[in-house]
1. Taking square-rooted eigenvalues a ≥ b ≥ c of the alpha carbon gyration tensor, is region B:296-414 rounded, prolate or oblate, where a/c under 1.5 means rounded and, failing that, a/b exceeding b/c means prolate?
2. Taking the Cβ of each residue in A:558, A:103, A:77, A:429 as the centre, tally the other Cβ atoms inside 10 Å and list the residues starting with the fewest.
3. With each pseudo-label sitting 7 Å past Cα toward Cβ, what's the residue B:67-residue A:74 distance in nm, one decimal?
4. What's the center-to-center distance, using Cα atoms, between region B:179-218 and region A:102-125 in Å?
5. Enumerate the calculated ³J(HN,Hα) couplings along region A:436-442 in order (Karplus 6.51 cos²θ - 1.76 cosθ + 1.60, θ = phi - 60°), each rounded to whole Hz, writing x wherever the residue is Gly or Pro.
6. Hey, can you rank B:418-429, A:266-277 by average C-beta count inside 10 Å, highest first?
7. By average Cβ neighbour count within 10 Å, what is the ranking of B:57-65, B:352-360 from highest down?
8. Given 0.36 nm per residue, what is the gain on full extension from residue A:688 to residue A:239 after removing their alpha carbon distance, in nm?
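What follows is calculated from the coordinates using simple rules that are stated; it is not laboratory data. Fair warning: this is a prediction, and the values are worked out from it, not measured in the lab. Note that we place each Cβ from the backbone using ideal geometry, even for glycine, and neighbour counts take in every protein chain shown.
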Amino acid sequence: MQFHHYAVLLLVASFPVLIAQKLDEEEFSEELLVRPLPDRNVFAHFHFTHRLPPTVHYGSHHVLFPKAIFQIVQKFRIREMELSFTQGRWKYNNWGGVDPLTRLQAKPSGVELWAVFAVPDDQVDATWGNLTHALSGLFCASLNFLESMVMVAKPKKMFASGCGKEGITPLVCSEGFADHHASNQSRSKDQNILRSRVRYGALPREAVCTENLTPWLKLLPCRDKAGLASLLDRPTIYKGSYHSLRLYIKSNNFEEHQGINGDIGTFLQQTLSLVIPASENPSSGEGLKGFQPNWSLFSLFGRHLMGRCLLAKTSALYLEFEAPLVEKLKQLDFGTKDKEYCSLAGSEDEASLLDCSADSSGDIAPFSLSMVKDNDIFMVNGSPSSFSLERGAYGNGVLLSFNIPKHGKQQPLNVGLTWKLPITWSPVRGPFRATRFLVGSGNARGAIALVLKANNMPTRDLMNLHSQRSLEKESLVSPDMTSVTVFQVVPWYIHLYFHTLQVLIDEQPKSFREVIKWMQVVPSEDRTSPGVMEIELKIPYNASVITLIVEFDKGFLRIDEHNPDANRGFDLPSALLSFPTEQSEGNYFHIEATKSSAHFHNSALLEELKRRKSVQVYTEVLLVPLATPDFSMPYNVITLTCTVLALYFGSLLNVLRRRVSEEERLAKSKGPSPQGLLERLLSRLLRRRSVESRARIAKVLKLMLVAGMFIALNYYLSDS
Amino acid sequence: MGEEVCSLRGGSRWGTRLCVLLAWGAALILRVACVLLGAPSVLGRRVEISTPVNSFMRLAEGYWLKRTGFSPYTGSTYHGSPLLLALFGPFTSSSTGGLPALGWSLSMFCIIADLIAALLLLRIGRSLQSAQSKQLICLNFTKYIKLPDDAGLGVGDIAAIAYLWNPFTIVNCVGGCTSSIENAMILLSLYGAAAGNVPLAAFGWVVSTHCSFYPAVLLIPIGLSLTVGIDHLPKKLFKSIIHCESSTKEPVGNCLSSSVDRSEAQCTSQDLSHDVSFTFEAKKLRDLMLWSIFWWTYILILCKISVGKSGSLKQMVSETYGFILNVDELSPNLGLFWYFFTEVFDFFRPFFLLVFHANILFMILPLTIRLHHRPLFLAFVFCSIVAMLKSYPSVGDTTLYLGLMPLFRAELSGMRFTFFLLNGYVGVALLSPVMYNLWIWRIHKNMKIASSMSDGGVDKYQMNFKKGCLYYAKHLK
């Protein structure tokens, strides 16, 4: 166990050094990982990586690295940034909840952006605003709505990558990991500085479409003309149930001690994850109950993979079988001993060979791999260039790797899967199933409830084992406790009452001292900043339902603050749950089955998946209806209210200046009412005129006076 | 509005007293029963009762924030005084972080505050009555206006009982919002003014102004009643009477329509000029100023201590008074502001804010000039104007002027359209929650206009009411 732990440490620490030896020029790599999903879908993950040496050594003229991104990085001094456009929601329970790939690409629907800057603290907000504008121009998205800090949070623990200098650490370094190994004081100080420069914003309502994809593809050296990106057929991409476009940047250019770790200047990761329905092929046994659909790359994307992008250093295609599927296959294997088909088997320590002979046409094979020339699926050359066993905590998964030929015009690489036996499996699920919903009715108030239900499945024991293993290593919490960090950003028009926050474990209300390990709450300021809730809970292991409830009052917006479709309601961004005690990591023990397994060493995707990260779950986006004013008639309201005010004012004035009968009589007895200044003056000047004519002149004079005053006022105002 | 429970004419003195006691006791029991039956949780978050300024939920949140180490004004939640936090905060939430027993304990404070307010009303009524009857006796008006006898119910008794049994007061008290405490403070200052107790008047004024800002305008009536007395007949009337009596030996009836028979005069003109003339007691005014300054300093020091290190007085001022003046939050209430500023275009906002607030200020000087001889009535008029034009009014403000109204029973007896006004008032008061319910809970589209109109309607009726008051108050002069 100890060894394992240090191995990971070593791995993380040594990785940049490995790269440092190599990286003295720009690198680009393209990879595609395909994985069958249990619910008749296929998961495809396009992974493009750019590496750029530090600008101090290399200069700023690039061959491969996209100029637009480099300029953004330089201009806004970005240390780290992630932008994701997502449509649909990742189904953690159907598509896997803990594997590293899920951690990498499961994103909340809409747009999510977070960034760490290398600018002084007082400039961070301004820089963030400019960055959103630049990105919104670059990706044709309404990211500029994140400019004002109204929906932007400053997370304290989440997203703050604790391992700033240790090479490329996309996303978050595991929090626990970072916290417990930051023995160095200066390092923790660095982290604090970093954390104050993190900004996070999300636009849950943003629609994602090709207009975002096209600029994203433009960043690739081969665009979508060659290489893996040429598979991206727009209608296919957008018909799937999940689609996540992601851009991750990390730059070391602004580190102070660049010389020491200055191996990689700027690192750009572009990923596109798709869940697409596996279309049935008529030639195979479709329609039969229990059979998984057969698919090939062509049937999935409707395009052939004609060859690699020649500019890419690595170009690889992986086919992954999850651990539960492999377990199932093994069981089938044991059931039918004599066979001459692809046998996938991995024992605990050494993976046995993948034996997939060319003429394996046995009818009882669970599935067959196919690399076909044309549309028909037949099983030839099914041997991948290499394969590896993923050794996670949940057993062994299998990763097959295929080399993409340089020019595949004659023989396009069409990896496919044909199932021979009905098989069902369920993916490795996370420790908890998280749902978030609104409680209460009406437009005045409500409550947000976040419910975590333990996944009662056989792997829970495995998980227990695993967690205990990780506990031994990290001694984060006492052995029978697990911990969850909840990060939630709530817009200002949802006034959270934090004092009503309740944590229920198995329906029993718990006191904060029992349950909350750490809490960071930022109350929302009206029209200025959102409410942010970051809570780290410690939960006993046997807890099956954990509920968090916070009450809120709904705010009332001005007429111009409502969205165009106001009656639809407002979207609350997803909450993010992180399980620091649950690490998602892939360990790929590759087996040199064939000679060309060199790219296993420098596969950016696999390096990425090997990194230890805590399991994360994004919850649903909530739709909150707010009370809508009458949009059609603001003038009516204004005039009505002003009428009421005028009535009040007029009547009060009237009452005030009206004389009561006594006084009136008294006043009358004194004679005619005293004249005004003007009348008296006139009567003195124009003695000869009659009273009526004098009154008339007085009237005209008064009018002229008023008009003159207005003209003077107008003149004065226009002048100034 | 209130039920005059014991209008026993000709009943024995002890019977009347008993009746009054019973009324008080029943009001107290009703409140306690409502609180114990759990009404606070229902009423405490009604928009008619709780506003962003006086809401109990927000007080609890402010206390939670303060205890967590924030300034209580972090986030746009709490807009009240830090002293209220220090006083009532500990009664709000349990330390488990569970739901607080909403308003239960604060409702108890509100009940006490209501009782004190009623008691103060009683005393104010008595001093008002004594001042009036003294004048009437001096002017020999007793023939025309019947003086209340000791055995019957005084104005104060009626006002107190009407205040206690006013359904708005009950609802406001049970709802557990801080406005009943503010009302008690306002009445304390008025009582201090009526009784000539300068420190008390200054204290009440300072605390109520500190809590809800608008009672600041009451400084004028308080100052006036301290310096010239709580209630007079108009100066002109006096002058003419004295003039008639001293110079011309004619019957006063020639000078005044309501003639005074000279032979029945019990006071000499010297008495008159001595007792009820307008001797301006500058010393009292100076005292009031000094005491006000003293209490302000005291309150601000306490606030500074209460806000603690995380907050500052500047923040307190901007989050309480600034919030009231800026009308940043547009949650529905009984006032005119919220819907108007929801709908009005953004660039008109400062202008209309100015206009709306100026409506209170505009009326201060004319009303003071007009009603300088009856400071208590002036205070009543100010209270009603404030209740109408406040940025976050609640029923609490309505109860204050409805409570003061019975004190001017004689003045308002000649009011016209009383039946129509009263029914309209009740009708609007009942319909307004219905409209709100339809808009917010049933979510009928376009119901807001109706809601706002009914809210505006309440104001209109208040306004008419007051107009009537003002108009008919002068009939007596």
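1. On the way: a/c = 2.05, a/b = 1.33, b/c = 1.54.
Taking the square roots of the gyration eigenvalues as a ≥ b ≥ c, region B:296-414 is oblate.
2. Working: A:558 16, A:103 27, A:77 19, A:429 22.
Taking fewest neighbouring Cβ atoms as first place, the list is A:558, A:77, A:429, A:103.
3. Modelled inter-label distance: 5.6 nm.
4. Cα centroid to Cα centroid, the span is 53 Å.
5. My calculation for region A:436-442 gives 10, 8, 9, 10, x, 10, x Hz in order.
6. Details: B:418-429: 14.8, A:266-277: 22.7.
Put in order of decreasing packing, that is A:266-277, B:418-429.
7. Values: B:57-65: 26.2, B:352-360: 16.3.
The packing order, highest mean first, is B:57-65, B:352-360.
8. Result for the pair: 152.0 nm of gain on full extension.
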